[in-house]
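Note sheet for the following structure.
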Amino acid sequence: MVDQNKIKEAVKLLLQGIGENVNREGLVDTPERIARMYAEIFGGMDQDASEHLGRVFTVENNEMVLEKDIVFYSMCEHHMLPFFGKAHIAYIPNGKVVGLSKLARTVEVYARRLQIQEKMTGQIADAIMKYLEPQGVMVMVEAEHMCMTMRGVKKPGSQTVSIATRGVFRDNSRLQEQFFGMLGRR
Ligand code: ZN
């Protein structure tokens, strides 16, 4: 659970650390506001993918399922600045599927915590493997990292792309190309 009192104290210290007057009008409620906001944007820590992937439906058609352009917002664990973009998830069922909105919910579980993009990409793939037991899954995440674009190398709009493949997608360039084709990236 997010401890809002600790966050409030920490934000006060942070403000003092950058030389701010924590009692000035504009900042007086900021620690409280950030504490509430953090409870929301780090809310994934209290969640488990099983809440969303636990209910499956039986199918006979085991063709590739693709859910693309799932918008997400996360926080980089190295700088505590946002990174955000889109996740694309494809899997080949093995008799079990989930409602499409559940894939987006699963992305949120892992996005709403301090993250590394590559790790998040793998966690999404692993959760789908674990609960849906598909023949394979492929996840692609494209994101802009504020820690790269508002400081440091400053390349606005530059995208970091990460991919995770599991099961039959591993080392199968035909399936991977089908995935990129369905995304319109070929
Ligand atoms: Zn960063």
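The values are calculated or read from the model by the stated rules, or taken from the named source; none is laboratory data. If you're wondering where the values come from, they're calculated on a predicted model, not measured in any experiment. Every residue, glycine among them, receives a Cβ derived from its backbone with ideal geometry; neighbour counts consider all protein chains shown. To get the accessible areas, we keep the full protein, side chains included, count just its heavy atoms, and leave off ligands, DNA and RNA. Shrake-Rupley method; radii C 1.70, N 1.55, O 1.52, S 1.80 Å.
Things to note:
- Residue in the stretch 100-108 that is closer than 16 Å to T165 by Cβ and either in the same structural domain as G152 (by TED's automatic domain parsing) or not hydrophobic (A, V, I, L, M, F, W, C) (or both) present: no
- Leading residue by the ranking (farthest from L114 (Cα to Cα)) among those in the stretch 5-16 that are open to solvent by less than 70 Å² (accessible area, probe 1.4 Å) and not β-branched (V, I, T): L15
- Residue within the stretch 35-42 that is assigned to a loop (DSSP other than H, G, I, E, B) and under 12 Å from the mean Cα position of the chain (by Cα) present: yes
- Subset of the stretch 40-81 that is closer than 17 Å to S162 by Cα and open to solvent by 50 Å² or more (accessible area, probe 1.4 Å) - its residue that is farthest from the ligand (Cβ to nearest atom): K68
- When T121 is tested against (1) at pLDDT 95 or above; (2) surrounded by fewer than 19 Cβ atoms within 10 Å (Cβ to Cβ); (3) polar (S, T, N, Q), exactly one condition is not met: (2).
- Each residue in the stretch 89-146 was checked for being part of a loop (DSSP other than H, G, I, E, B) and without any contact (Cβ under 8 Å) to a residue 40 or more places away in the chain, and 2 of them qualify.
- Only residues that are among the hydroxyl-bearing types (S, T, Y), under 9 Å from the mean Cα position of the chain (by Cα) and surrounded by fewer than 21 Cβ atoms within 10 Å (Cβ to Cβ) were counted across the stretch 82-118, and they come to 0.
- Answer residue from the stretch 26-39, given it is open to solvent by less than 70 Å² (accessible area, probe 1.4 Å) and of a type outside the set (A, V, I, L, M, F, W, C) and is farthest from L114 (Cα to Cα) among those: G26
- Checking each residue in the stretch 149-177 for being assigned to a helix (DSSP H, G or I) and open to solvent by 70 Å² or more (accessible area, probe 1.4 Å) picks out S173, R174, E177.
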